[in-house]
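Below you'll find the structure, written out as structure tokens, and then a few comments.
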Amino acid sequence: MAEPSRVIHIRNVGHEISETDLLQVVQPFGAVAKLVMLRTKNQALVQMEDLSASISAIQYYTTIQPSVRGRNVYLQYSSHQELTTDQSSHGRNPDQDEPNRILLVTVHHMLYPMTVEVLHQVFSPYGFVEKIVTFQKTAGFQALIQFQSRQSAIQAAGALHGRNIYDGCCQLDIQYSNLSELQVHYNNDRSRDFTNPSLPTEQRPRSSQLGYNDPSLFGFQQPGGKTLQFSFTFFIIHSCHLIKSILTSFLQSSFWATAAYGQAAVIAAAFGGTLPPGVTGTNDRCTLIVSNLNSDKIDADKLFNLFSIYGNIVRIKVLRNKPDHALVQMADGLQAELAIHYLKGAMLLGQKLEVNFSKYPSITPAPDAHDYSTSNLNRFNSNVAKNYRHCCAPTKIIHISALSPEISEDAILEHLGEHGTIVKSKLFEASGKTQALVQFESEEEATEALVCKHASKLEGSTIRISFSQMQNI
């Protein structure tokens, strides 16, 4: 084996494999500094921030064959100890500058309105967004997005470049800006400083400036201190006030629809640019009716363990008069749609689930309604984009985390063995944390193990279980 290096060489990278796919392979082991796609050679080079992250990834994939979109890929240490800027020119954007924390985003095929709020919801899962400035250029709608850290900008660019915010439209073209700092003077629908919410929303007219040379509303600080200014005339501003008053009522009525589109954009990005079939992103119904349950074995906690894979749970109520029925209230309509999409027809405790929207908008707090709204077991309290990426239908393989460092593979098998036939298992360490993969003979057995043992105690640790999208162990 070659000498350990921060740079990982990945082979057999087909054209159907994207940068986002490769990031999902290596990011569990640590932060990624650079990613270079060598399309003509069906290869890629990934530079990790730390050598330990690279070593963990190589050690893990020495024993487990990674498969991306049905194609086996092969990882080894690169002969390069570091990727240079010249090498990076073969990557995503050939003529881009050295990566920094400010992204220049161009939106193509824009069929839906782009707002600061939508952009913030799309980019914020990758790190704290400090500032956003939008403007119209000959290339179309553009935005400058400043992250708090360079690493967050790199991750966002790698995950979102070339993706559609909405199905079939609003494609993101992302480059690194050469600006060092965005200067935002107003918090409005064109610009926003999330570090300074006290900024005014509009420019205050001054008597000496009531002409056609109105000063800029905002500027961008370039390297060397030069400020790039954008001018808007008083005449245009004055005319826009009239238009604004006419559109106010429309904008108020459409605000929540826009917010829903923004949230859908976050999920669409996590799913590779397109929401799963049947998931519209505009649904506002949060409560589900789940029927054909095994009334002898089911309870609210088991339902929580299963449905929380697709979103945060507010309340669950098993119906007294129909014990094979239950109401499940999700945190929002998008998560409810995901639960229906992935769980309708799934086998649970010997029964085929029926999952549909309920006629009730919510579950009324009551002694027989279990409240999970403040539970720290809700999976989407943090790492939201990552959790959306892991959404899938029940599989034969479950992933177990939050294990004790001293745990043995036999202890895990003993803990789960009552739920079905275990075909394979693997205990490993990733990013300094002990984890395991367990493959059952059927999806139903794996689902039973998940609903019964997620959040259970094992050798002093409260373990976490989710479905794995790996094809085999």
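The values are calculated or read from the model by the stated rules, or taken from the named source; none is laboratory data. None of these values were measured; they are calculated from a predicted model. Ideal geometry is used to build each Cβ from the backbone, glycine not excepted, and the neighbour counts take in all protein chains shown. Calculation scope for accessible area: heavy atoms of the full protein, side chains included, ligands and nucleic acids excluded. Shrake-Rupley method; radii C 1.70, N 1.55, O 1.52, S 1.80 Å.
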task = Apply the Karplus parameterisation 6.51 cos²θ - 1.76 cosθ + 1.60, with θ equal to phi minus 60°, to every residue of the range 119-136 and state each ³J(HN,Hα) to the nearest whole Hz, in sequence, with x for glycine and proline.
result = 4, 5, 5, 6, 8, 5, x, 9, x, 6, 8, 7, 8, 9, 10, 10, 6, 10
remark   = Once both label points are put 7 Å beyond Cα along the C-beta direction, the A366-T40 separation in nm becomes 6.9
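Among R11, R379, what's the order by accessible area (1.4 angstrom probe), most exposed first? List each step's numbers first, then the result.
Details: R11 95, R379 35 Å².
Ranked list, largest accessible area first: R11, R379.
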ask   = With labels modelled as points extended 7 Å from the Cα through the Cβ direction, what inter-label distance (nm, one decimal) is found for Q81 paired with T63?
value = 3.0
query = Among all the lysines, which ones have a C-alpha under 25 Å from K131's C-alpha, if same-chain residues fewer than 8 places away are not counted?
reply = K34, K226, K244, K386
Karplus 3J(HN,Hα) series, Hz, for the range 363-373 with 6.51 cos²θ - 1.76 cosθ + 1.60 (x for Gly, Pro) = 9, 5, x, 7, x, 8, 9, 7, 9, 10, 4
task = Would you tell me the accessible area of S425, worked out with a 1.4 angstrom probe on the heavy atoms of the protein chains, in Å² to the nearest 10?
result = 30
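Give, in whole angstrom and from largest to smallest, the semi-axes √(5λ) of the equivalent ellipsoid of the range 296-395, with λ running over the eigenvalues of the Cα gyration tensor.
On the way: eigenvalues 81, 57, 30 Å².
Each semi-axis is the square root of five times an eigenvalue, giving 20, 17, 12 Å.
How far, in nm, would the chain grow between K359 and S431 when pulled straight, counting 0.36 nm per residue and subtracting the alpha carbon separation?
Values: separation 72, 0.36 × 72 = 25.92 nm, distance 4.47 nm.
Length gained between K359 and S431: 21.4 nm.
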ask   = When all protein chains stay in place, what accessible area (Å², nearest 10, 1.4 Å probe) is found for R150?
value = 90
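Ordering E117, E441, E337 by accessible area with a probe of 1.4 Å, largest first, what comes out? Before the final figure, lay out the partial values.
Details: E117 75, E441 110, E337 15 Å².
Per-residue accessible area, sorted high to low, gives E441, E117, E337.
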ask   = Under 5 Å between amide H atoms, partner at least 5 residues away or on a different chain: which partners does L38 have, H built in plane at 1.01 Å?
value = Q43, A44, L45
query = What does the accessible area of T282 come to, in Å² to the nearest 10, when a probe of 1.4 Å is used?
reply = 70
query = Among S67, Q43, A33, which residue has its Cα positioned farthest towards the positive end of the charge dipole of the range 2-68, with +1 placed on the Cβ of Lys and Arg, -1 on the Cβ of Asp and Glu, and the dipole taken about the Cα centre?
reply = Q43
query = So which lysines pass the test for K302, namely a Cα distance under 21 Å, with those fewer than 8 places away in the same chain ruled out?
reply = K317, K322, K344, K352, K396, K453, K457
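Probe radius 1.4 Å, ligands and nucleic acids left out: which of S52, S177 has the largest accessible area, and how do the rest follow? Can you show the working numbers first?
Working: S52 80, S177 10 Å².
Correct descending sequence by accessible area is S52, S177.
Whole number in Å², please: accessible area per residue of the range 309-380, 1.4 Å probe, ligands, DNA and RNA not counted. Present the calculation step by step, with values, prior to reporting the outcome.
Details: 3290 Å² over 72 residues.
It amounts to 46 Å² per residue over the range 309-380.
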note = Note, the range 174-183: 3J(HN,Hα) by Karplus (6.51, -1.76, 1.60, θ = phi - 60°), whole Hz, Gly/Pro = x, goes 10, 10, 8, 6, 9, 7, 9, 7, 8, 9
